[in-house]
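Below: the structure, in structure tokens.
The values are calculated or read from the model by the stated rules, or taken from the named source; none is laboratory data. Keep in mind that this is a model prediction, so the values were computed, not measured. Using ideal geometry, Cβ is built from the backbone for each residue, glycine included, and neighbour counts are taken over all protein chains shown. Remember, those area values only see protein heavy atoms, side chains included, never the ligands or the DNA or RNA. Shrake-Rupley method; radii C 1.70, N 1.55, O 1.52, S 1.80 Å.
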Amino acid sequence: MGSLQEYLFISGLLFAIGLAGVLIRRNIIVIFMCLELMLSAANLTLVAFSRFNTVETGLPDYNGQVLVFFIITVAAAEVAVGLAIIVALYRARQTVDVRDLTSMRG
């Protein structure tokens, strides 16, 4: 089992990779995947803090892990809506390149 600093380092690295992907990439599907990677990094941070934060009895505080379940539920709904929007944009414009999606009108 690793230390809290190791978990936070990995989480920060995942978040940085996701942020770089959002800022650099032009494919909207890759950007969407990088946003999910950033969300997973935040979940890892919550679980790590929850695991290493003990209450008076010496047991881990599971509040952060419960919050992760809600975040995963919201992320699942976000994926469904986000992919539907991406499919609709592709059908309307025949592209998933962000540079070609500069206006709201078709």
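Any idea how many residues of region 41-61 are in a helix (DSSP H, G or I) and over 18 Å from the mean Cα position of the chain (by Cα)? Talk me through it step by step, then tell me what you get.
Taking region 41-61 and keeping what is in a helix (DSSP H, G or I), we get 41-52.
Add one more test, that the residue is over 18 Å from the mean Cα position of the chain (by Cα), and what stays is 50-52.
Here the count works out to 3.
Among the residues of region 33-40, is there at least one that is in contact with a Gly (Cβ under 6 Å, 6 or more places away or on another chain), open to solvent by 50 Å² or more (accessible area, probe 1.4 Å), in a helix (DSSP H, G or I) and modelled with pLDDT of 90 or more? Step through it out loud before you land on a result.
Looking only at region 33-40, we keep the residues that are in contact with a Gly (Cβ under 6 Å, 6 or more places away or on another chain), and these are 34, 37-38.
Right, trim to open to solvent by 50 Å² or more (accessible area, probe 1.4 Å) and you get 37.
Applying the additional criterion that residues be in a helix (DSSP H, G or I) yields 37.
Subset that is modelled with pLDDT of 90 or more: 37.
Looking through region 33-40, at least one residue is in contact with a Gly (Cβ under 6 Å, 6 or more places away or on another chain), open to solvent by 50 Å² or more (accessible area, probe 1.4 Å), in a helix (DSSP H, G or I) and modelled with pLDDT of 90 or more.
Can you report the number of residues in region 15-49 which are out of contact with any helix residue (DSSP H, G or I) (no Cβ under 7 Å at 6 or more places or on another chain) and basic (Lys, Arg)?
Adding up the residues that qualify gives 0.
Residues checked against (1) closer than 21 Å to residue 21 by Cβ; (2) among the aromatic types (Phe, Trp, Tyr); (3) open to solvent by 60 Å² or more (accessible area, probe 1.4 Å):
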| position | (1), (2), (3) |
| --- | --- |
| 68 | no, no, no |
| 72 | yes, no, yes |
| 78 | yes, no, yes |
| 82 | yes, no, no |
| 87 | yes, no, yes |
| 97 | yes, no, no |
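Is there any pair linking a residue in region 87-106 that is under 18 Å from residue 31 (Cα atoms) and at pLDDT below 80 to one that is in a loop (DSSP other than H, G, I, E, B) and among the hydrophobic types (A, V, I, L, M, F, W, C), with Cβ under 7 Å and at least six apart or on different chains, and which?
From region 87-106, no pairs qualify.
Would you point out which residue out of 2, 21, 64, 12 is open to solvent by less than 50 Å² (accessible area, probe 1.4 Å), outside any helix (DSSP H, G or I) and of a type in the set (Gly, Ala, Ser)?
Only one candidate passes the filter, namely 2.
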